[in-house]
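Report on the following structure.
The values are calculated or read from the model by the stated rules, or taken from the named source; none is laboratory data. Everything quoted here is computed from the prediction, not taken from an experiment. Here the Cβ positions follow ideal geometry from the backbone for every residue, glycine too, while neighbour counts run over all protein chains shown.
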Amino acid sequence: MAETLRRTSLGTLVPGARVNLERPVPMGGRLGGHLVQGHVDAVATVLSRTASDHWDLVRFTIPPGLQPYLVEKGSVAVDGVSLTVAALGGGADGGPPWFEVSLIPTTLAATTLGTVSPGSLVNLEADMIAKYVERMLATTGVRS
């Protein structure tokens, strides 16, 4: 579908490439994490990756239009993996805006994020509650 190819990095994949798939929470099921729908808002680039003994810190670009939806300790889905934003930076200091996440060993082993490197493209889904709040404020004429 044209929309999928325009908004995602799926057009760059080759046959046999790994992707992350997760079953949805059934209605009435236990929600143990962030609200993620599986809709891709934009593509980001991996800027850096720093490994440590217990986790990896990965920094990504923030594509145009997504900056208002990313907040420290807020949620973001990267290639379908729901994560917490560990840090934000850039933008105001003249550099490109970026965000970082910390990836624990389980995430590194069980998802494609364990193999992304600087320059890799990833799909982002911003926090859906933030998008709804913005839309409601815009349609009701309320300004901050």
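If I go through region 7-21 residue by residue, how many of them are out of contact with any helix residue (DSSP H, G or I) (no Cβ under 7 Å at 6 or more places or on another chain) and modelled with pLDDT of 75 or more?
Going residue by residue through region 7-21, those that are out of contact with any helix residue (DSSP H, G or I) (no Cβ under 7 Å at 6 or more places or on another chain) are 7-9, 12-17, 21.
Now drop any that are not modelled with pLDDT of 75 or more, which leaves 7-9, 12-17.
Total meeting the criteria: 9.
Looking at Leu137, Leu124, which is the one that is in a strand (DSSP E or B) and out of contact with any helix residue (DSSP H, G or I) (no Cβ under 6 Å at 6 or more places or on another chain)? Walk me through how you get there before you give the answer.
On the way: Leu137 fails: in a strand (DSSP E or B).
That would be Leu124, the only listed residue that is in a strand (DSSP E or B) and out of contact with any helix residue (DSSP H, G or I) (no Cβ under 6 Å at 6 or more places or on another chain).
For region 48-62, check the following and say yes or no: at least one residue is under 18 Å from Leu83 (Cα atoms), surrounded by 11 or more Cβ atoms within 10 Å (Cβ to Cβ) and small (Gly, Ala, Ser).
Looking through region 48-62, at least one residue is under 18 Å from Leu83 (Cα atoms), surrounded by 11 or more Cβ atoms within 10 Å (Cβ to Cβ) and small (Gly, Ala, Ser).
Would you check if there is a residue in region 43-64 being closer than 26 Å to Arg6 by Cβ and hydroxyl-bearing (Ser, Thr, Tyr)? Show your work before the answer.
Of the residues in region 43-64, the ones closer than 26 Å to Arg6 by Cβ are 43-47, 58-64.
Narrowing the set further to residues that are hydroxyl-bearing (Ser, Thr, Tyr) leaves 45, 61.
Yes: region 43-64 contains one or more residues that are closer than 26 Å to Arg6 by Cβ and hydroxyl-bearing (Ser, Thr, Tyr).
In region 88-121, which residues are more than 27 Å from Thr12 (Cα to Cα) and part of a helix (DSSP H, G or I)?
Within region 88-121, none qualify.
I'm checking my understanding of the structure. Among residues of region 114-143 that are among the aliphatic types (A, V, I, L, M) and in contact (Cβ under 8 Å) with a residue 60 or more places away in the chain, which one is surrounded by the fewest Cβ atoms within 10 Å (Cβ to Cβ)? Show your work before the answer.
Start the filter on region 114-143 by keeping residues that are among the aliphatic types (A, V, I, L, M), which leaves 116, 121-122, 124, 126, 128-130, 133, 136-138, 142.
Remaining after also requiring in contact (Cβ under 8 Å) with a residue 60 or more places away in the chain: 116, 121-122, 124, 126, 128-130.
Values: Val116: 20, Leu121: 18, Val122: 23, Leu124: 24, Ala126: 23, Met128: 17, Ile129: 13, Ala130: 16.
Filtering region 114-143 for residues that are among the aliphatic types (A, V, I, L, M) and in contact (Cβ under 8 Å) with a residue 60 or more places away in the chain, the one surrounded by the fewest Cβ atoms within 10 Å (Cβ to Cβ) comes out as Ile129.
Enumerate the strands (runs of 3 or more DSSP E) found wholly within region 1-87, keeping only those where 2 or more residues are touching a residue at least 60 places away in the same chain (Cβ under 8 Å).
Numbers: elements: 42-51, 56-61, 75-78.
Of the strands (runs of 3 or more DSSP E) lying wholly inside region 1-87, those with at least 2 residues that are touching a residue at least 60 places away in the same chain (Cβ under 8 Å) span 42-51.
Please specify each residue of region 22-47 satisfying the condition of being exposed (fewer than 15 other Cβ atoms within 10 Å of the Cβ), at pLDDT 75 or above and either among the small types (Gly, Ala, Ser) or at positive phi (or both).
Correct list: Gly28, Gly29, Gly38.
What's the number of the condition Tyr69 fails, among (1) in contact with a strand residue (DSSP E or B) (Cβ under 7 Å, 6 or more places away or on another chain); (2) crowded, with 18+ Cβ neighbours inside 10 Å; (3) of a type outside the set (Gly, Ala, Ser)?
Tyr69 satisfies all of (1) in contact with a strand residue (DSSP E or B) (Cβ under 7 Å, 6 or more places away or on another chain); (2) crowded, with 18+ Cβ neighbours inside 10 Å; (3) of a type outside the set (Gly, Ala, Ser) except (1).
Considering each residue of region 87-128, count those that are under 27 Å from Leu5 (Cβ atoms) and either over 18 Å from the mean Cα position of the chain (by Cα) or modelled with pLDDT under 90 (or both), and give that number.
3
Among (1) within 19 Å of Val43 (Cβ to Cβ); (2) exposed (fewer than 12 other Cβ atoms within 10 Å of the Cβ), there is one condition Gly95 misses while meeting the rest; what is its number?
Gly95 satisfies all of (1) within 19 Å of Val43 (Cβ to Cβ); (2) exposed (fewer than 12 other Cβ atoms within 10 Å of the Cβ) except (1).
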